[in-house]
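Each remark here refers to the structure printed beneath this line.
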Amino acid sequence: ATDEEALASAGIPEMNTAIVSVGTHSVETSIMTTALLKQLGVPRIIARSTSMLHDRILRLVGATEVINPEQEAAERLARNDLAATQGAATATMISAAQTRFMARSGPLPRAAASWRLEGSSAACPGPR
């Protein structure tokens with residue numbers, strides 16, 4: 001996918017949308033493929049990222065949409081789990097806290113559900 005001639009001869013420049021879903025251990029390949037697709041004139045490029053930095057770089061080289069399935073699944077699970085036990089407002093607060101934590105060190109530990117949120121006077125109770 002990083003061979004410009006192969007992409008051009010495969011008819012990629014005539015496509016309206018391309019999806020770049022390279023494995024999690026091929027960050028460089030996903031960035032190069034996205035840049036080549038943009039250079040070839042593909043108007044809509046959807047790319048998969050593995051981190052917030054990867055997301056920013058993909059957008060800089062031409063991705064029009066970036067998804068991170070792991071982060072989206074974690075946020076959805078946090079919302080669903082907490083909404084079922086404590087209401088949607090708490091789920092939204094945990095989801096935001098989780099996103100900040102994930103940017104630093106990976107998935108949110110289950111015990112972190114009881115952490116006090118930054119700038120908040122209310123603690124979020126942990127899972128039951």
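The values are calculated or read from the model by the stated rules, or taken from the named source; none is laboratory data. Predicted model, so just to flag it, every value in this text is computed and none were measured. Here the Cβ is made from the backbone with ideal geometry for all residues, glycine too, and neighbour counts use every protein chain on show. The accessibility values were calculated without ligands, DNA or RNA, using every heavy atom of the protein model including side chains. Shrake-Rupley method; radii C 1.70, N 1.55, O 1.52, S 1.80 Å.
For region 44-68, a residue qualifies if it is open to solvent by 50 Å² or more (accessible area, probe 1.4 Å) and in contact with a Ser or Thr (Cβ under 6 Å, 6 or more places away or on another chain), and the qualifying residues are ARG44, THR50.
A search for C-beta distances below 8 Å between a residue of region 33-57 that is free of Cβ contacts under 8 Å to residues at least 24 places away in the same chain and any residue that is crowded, with 19+ Cβ neighbours inside 10 Å and among the small types (Gly, Ala, Ser), counting only pairs 6+ apart in sequence or on different chains, returns SER49/SER30; ASP55/SER49. Scan region 4-43 for residues that are within 23 Å of HIS54 (Cα to Cα), assigned to a helix (DSSP H, G or I) and open to solvent by 30 Å² or more (accessible area, probe 1.4 Å) and the total you get is 9. If I ask for residues that are at pLDDT 85 or above and of a type in the set (Ser, Thr, Tyr), which ones from region 60-96 would you list? Selection gives THR64 alone.
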